[in-house]
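Structure, as structure tokens:
The values are calculated or read from the model by the stated rules, or taken from the named source; none is laboratory data. Please read these numbers as outputs of a predicted model, since none were measured by experiment. Positions of Cβ are backbone-derived with ideal geometry, glycine not excepted, and every protein chain shown enters the neighbour counts.
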Amino acid sequence: MSTAHDIAGARELFEKAEREVDPDLKAHALEEAIALLSSCDPDDMSDADRKLIANLRLAHTRRLLVQLVGLRSVSMDAWFEYVHLLFGELSAEVERLTEADPELRENYGRFLKLWGPRLAEILQRPQSDAR
């Protein structure tokens, strides 16, 4: 598949995630969109495509961080899916956004604490501390 096709598909999935009210389905659509963008071969894309992908990732990470505050009744399974996204594929975007915006940082912190401050503390430790 072409990069343009993958980007278009990811946009559709991001839009689906944005409209989705079920937290499990929202997380799944986000994971699919990020996976699709991650599957694009950097050697086969233009600078414009790279910039577009970076902007899509950043914009939709921002939207997710805004929406996190409304995910109070999320199941533990869905919570772990979001944590996987936030600490995995989107960690660079999350760090950039939460450093720059105190409201997003607060939303992020509230979401992490849904399943207990201790678990959030463990997840926030740098990788070297966890070993």
### Query
Which of the following residues is touching a Leu at 6+ places or on another chain (Cβ under 7 Å), touching a residue at least 12 places away in the same chain (Cβ under 8 Å) and of a type in the set (Asp, Glu): Glu89, Glu93?
Glu93
### Message
Criterion first (modelled with pLDDT of 95 or more, farther than 20 Å from Pro126 by Cα and outside any loop (DSSP other than H, G, I, E, B)) does Glu12 satisfy it?
### Response
yes
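Residue by residue, here is whether (1) modelled with pLDDT under 95; (2) under 14 Å from the mean Cα position of the chain (by Cα) holds:
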site: Asp44; (1), (2): yes, no
site: Asn55; (1), (2): no, yes
site: Leu68; (1), (2): yes, yes
site: Leu85; (1), (2): yes, yes
site: Ser91; (1), (2): yes, yes
site: Pro117; (1), (2): yes, no
### Task
Could you grab the pairs with beta carbons closer than 7 Å, sequence gap of 6+ or different chains, first residue in segment 20-36 and closer than 14 Å to Leu56 by Cα and of a type in the set (D, E, K, R), second one crowded, with 17+ Cβ neighbours inside 10 Å and at pLDDT below 90?
Glu31/Glu81
### Query
Mind checking which residues of segment 44-77 are out of contact with any Pro (no Cβ under 7 Å at 6 or more places or on another chain), in contact (Cβ under 8 Å) with a residue 24 or more places away in the chain and hydrophobic (A, V, I, L, M, F, W, C)?
Met45, Leu52, Ile53, Leu56, Leu58, Leu64, Leu65, Val66, Leu68, Val69, Met76
#### Entry: Per-region count, segment 96-109, residues without any contact (Cβ under 8 Å) to a residue 40 or more places away in the chain, assigned to a helix (DSSP H, G or I) and farther than 15 Å from Ala54 by Cα
8
